[in-house]
1. One quarter of the convex hull surface, Cα atoms only: what value does that give for segment 2-175 in nm²?
2. Please report, in whole Å³, the volume per residue of the convex hull around the C-alpha atoms of segment 12-76.
3. Measure off 7 Å from each Cα along the Cα-to-Cβ vector at residue 163 and residue 27, then give the distance between these two points in nanometres to one decimal.
4. Multiply the residue separation of residue 48 and residue 81 by 0.36 nm, subtract the distance between their alpha-carbon atoms, and state the gained length in nm to one decimal.
5. Label points 7 Å out from Cα along the Cβ direction at residue 10 and residue 127: separation in nm?
């Protein structure tokens, strides 16, 4: 079972990292349009629509990735003080009450929404019309991936309730690799402990 959970984690991570590259394309497109508009005096009517579609795709496809890394924002300030089994019960209840109904509705409605757009070959309302229906299919795809990852998280909750410990997750890059940073500046854990003791209340400044 753990192998299946980690496989879904890897899929969500791979898709999130893949679509994250859209930020490079988006940055390049905006830079080029600003140069074209103000330096060449040649604005393009379709660029705004493409920017919205690129940003929307990147945002939607990051949902499952963020859930796989357990990085969605929590509103409960007490959650981190709970024991793992209590955390799992809280998560399981919230998944059942809010997550599953909401994401199932999003995926189902998104599929109908995209299918209708495909049937009429919907386009953007601009001087240079672009096909809109491919972008709308991002909604059910992102919803389906988020639902799949959510089911994995529910299995993790059940496992934690049974064992009292959270199952492991797949590793990913982090903003700051603390261990590599300490190696670069030649700092050891005992040096940090000594510094903490030195600046602790009651210690010498």
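1. Values: hull surface 50.3 nm².
Over all viewing directions, segment 2-175 projects a mean Cα-hull area of 12.6 nm².
2. 88
3. It is 3.9 nm.
4. Extending this stretch completely gives an extra 7.4 nm.
5. 5.0
FYI, it's all coordinate maths here, none of it is from the lab. None of these values were measured; they are calculated from a predicted model. A quick note on method: Cβ atoms are made from the backbone with ideal geometry, for glycine too, and the neighbour counts reach across all protein chains shown.
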